[in-house]
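Undergrad: Here it is: the structure, laid out below.
Nothing in this text is a laboratory measurement; each read-out follows from the coordinates by a stated rule. Keep in mind it's a predicted model, so treat the numbers as computed, not measured. Don't worry about glycine lacking a Cβ; one is built from the backbone with ideal geometry, like all the others, and counts go over all protein chains shown.
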Amino acid sequence: MKRFKLSFGGSLAMSFVTALLVLFSTNSSFAQFGPNPQFHNKDFYVGPRIGLGGIGGAGLGLGVNAEYGITQQIGVTGTFGWSGYSSSYWTYTNLIFAVGGNFHVDLLKVKNLDTYAGLGLGWNFGSVTSNDARYTWDTGYGGFFWDFRVGGRYFFSDKLAATAEFGYGFGYLRLGVDFKL
């Protein structure tokens, strides 16, 4: 029988989430920065990501991210990711799905740079398998997790941007490219 547990990433994650909620609820903290000229209502971005570090000690992950602008500063996001890693005894695999939102501000005032902070909720479908022929063990695990991030897109053209995000979820550091459709 497979068992699933609910995990929210520990007290550090909860502290970070609380700080983000306080900052966003007092929007005056970001009022001085204003909307980012690179992000617009009805913009749609999609792109691949490489995640470094992550859920359950994963070292490297691959994924795809999408974002749709619903206002001049807010976009809804969807993420799918895979990460896996092995030890001499076990192989772990994680499939990660998350939805959330980003709040875009012109934080650094750099031309062609879109900066944002985001928060989401995801589900980790995990499995662990024995690498030792003497044991036939295969089981699943998983649960909810918070997906939070701060990041930016640097636009090389109207349709292509490099991305970097720091946070928790699909990789502590996520690097990739976004295509504006």
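Undergrad: Rounded if a/c is under 1.5, else prolate if a/b is larger than b/c, else oblate: which is segment 33-181, with a ≥ b ≥ c the root eigenvalues of its Cα gyration tensor?
TA: prolate
Undergrad: Continuing with this model, one more query. Could you order peptides 146-155, 92-101, 108-117 by the average number of other Cβ atoms within 10 Å of their residues, highest first?
TA: Descending packing order for the listed peptides: 146-155, 92-101, 108-117.
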